[in-house]
1. Counting pairs of alpha carbon atoms under 8 Å apart in space and at least six apart in sequence, what relative contact order in percent does region 9-134 give?
2. Can you pull the one-decimal nm distance between simple spin-label points at residue 352 and residue 300, each 7 Å off the Cα toward Cβ?
3. Just add up the charged neighbours of residue 181: K/R +1, D/E -1, any other residue whose Cβ is under 15 Å from the Cβ of residue 181.
4. With the convex hull built on the Cα atoms of region 79-185, state its orientation-averaged projected area in nm².
5. I'd like the accessible area for residue 66: 1.4 Å probe, protein heavy atoms, all chains in place, Å² to the nearest 10.
6. How much accessible surface does residue 78 have with a 1.4 Å probe, in Å² rounded to 10?
7. In region 155-231, which trypsin sites (Lys or Arg not before Pro) fall in coil by DSSP and have 16 or fewer other Cβ atoms within 10 Å?
8. Using heavy-atom solvent-accessible surface (probe 1.4 Å) with all chains present, what is the largest-first order of 76, 139, 19?
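The values are calculated or read from the model by the stated rules, or taken from the named source; none is laboratory data. None of the values given here were measured: they were computed from a predicted structure. Quick reminder, even Gly has a Cβ in these numbers, built from the backbone with ideal geometry, and neighbours come from all protein chains shown. For accessibility, only protein heavy atoms count, side chains too; no ligands or nucleic acids. Shrake-Rupley method; radii C 1.70, N 1.55, O 1.52, S 1.80 Å.
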Amino acid sequence: MQQVRSAERLGGAHTSVPRIPEQMEALVKYAEPGATLQTVPVPPIGPTDTLIRVMAASICGTDLHIYRWDQWAQHRVHPPMVFGHEFCGEVVAAGSEATRIGVGAYVSAETHIACGACYECLHGLQHICKRVEIIGVDRPGAFAQYVAVPERNLWPTDRRFPPEIATIQEPMGNAVHSALAAPIAGATVAIFGAGPIGLFTVPIARATGAARIFTVEPAPFRRQLATRMGSDVVIDPGSENVVSRLLEETEGEGVDVVLEMSGNPGAIGQAFSALRHGGHVSMLGIPSRPVEVDLADGVIFKGATIHGISGRRIWDTWYQTRGFLESGMDLSPIITHVLPLHQFETAFDLVASGQSGKVVLLPNAS
Ligand code: NAD
Ligand code: ZN
């Protein structure tokens, strides 16, 4: 570690911050399905970096792709790699130029490290940086006791939010970004896919003034959660004609806003069919292959507006996310499981099963 200021070296000014060991437990990805919990060196930090002791790290759909070692993961990830990118924790060391936030701070982080120099970054659009580097995908991540993060990516967080809430600010930000991209106040809103991010959009759409919220989701457990979070109508695409039902619910007009949070090709087709003329679609879900859409009837003649949603706007979305949490929005029912890191196999099985909302790992729990 070079040029590090740690709690110890600051003369015990932050006595609550534990000593930094040289080795740590981490979930390492190799070029095969699954992952290996092993002892690895605590990551070194550079002058503009901080070292975070991870208090909670939640599992994202991307982590499941990496865990399963599917085609996307094989092309993108270079093993061996510690993965995991949604997290919160405490700053335990800071490089010589990382002087803004300080050792002892409770933080989450924007996981997309923008280059700061490309056309988009220079135009205030860091969330679509062409040379983005993602924590836990392109560089060592947070399914570990410690993670190294550039100070400029840290998001200081109020300690009144427990670790399992602080860690979900990142995916909640995806939901906030998707929902607020479209004009939701007084509108009918259809959410396709009640995975954790789709579930987050339910109270966000409600708080933003949605008139009625419809959620489409095949997994019964997640439909129940959607109802609990405030969905007015939940639709099972396996047993109902989704488009007919949405037209029926909107007096034949179609829905004003679609939040596409599934990435499922069938759902994407239904989303455009159920959209009213002049409607808006926020597309966050990532299809695993190119998808055919009826552009003429679904988009062009409808005069539809499509918003592609990538990550979170930096830092606009983070401020909005914090605002929703500070207003008292309770997302705790969506966090269905909190497990120590060594139970990662159970955790990933739960994520794959659809019998879960957000699953959170605790890398420093015994
Ligand atoms: P998830 O996989 O847990 O949720 C997707 C949900 O869609 C599941 O509950 C699934 O049962 C449901 N679904 C499947 N078929 C459906 C259908 N025909 N109709 C309606 N729902 C259907 O994932 P998540 O973590 O909630 O993320 C949601 C999506 O967003 C994923 O595709 C993920 O890859 C993507 N994502 C995008 C970004 C981004 O920046 N654009 C960031 C994070 C995640
Ligand atoms: Zn850039």
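1. Values: 202 pairs, mean separation 28.8, N = 126.
It comes to 23 percent, rounded to a whole number.
2. 4.3 nm
3. So the environment of residue 181 carries a net charge of -1.
4. Approximately 8.6 nm², given one-decimal rounding.
5. The value for residue 66 is about 0 Å².
6. 130 Å²
7. Those that pass, being in a loop and sparsely packed, are 159, 160.
8. Of 76, 139, 19, the descending order of accessible area is 19, 76, 139.
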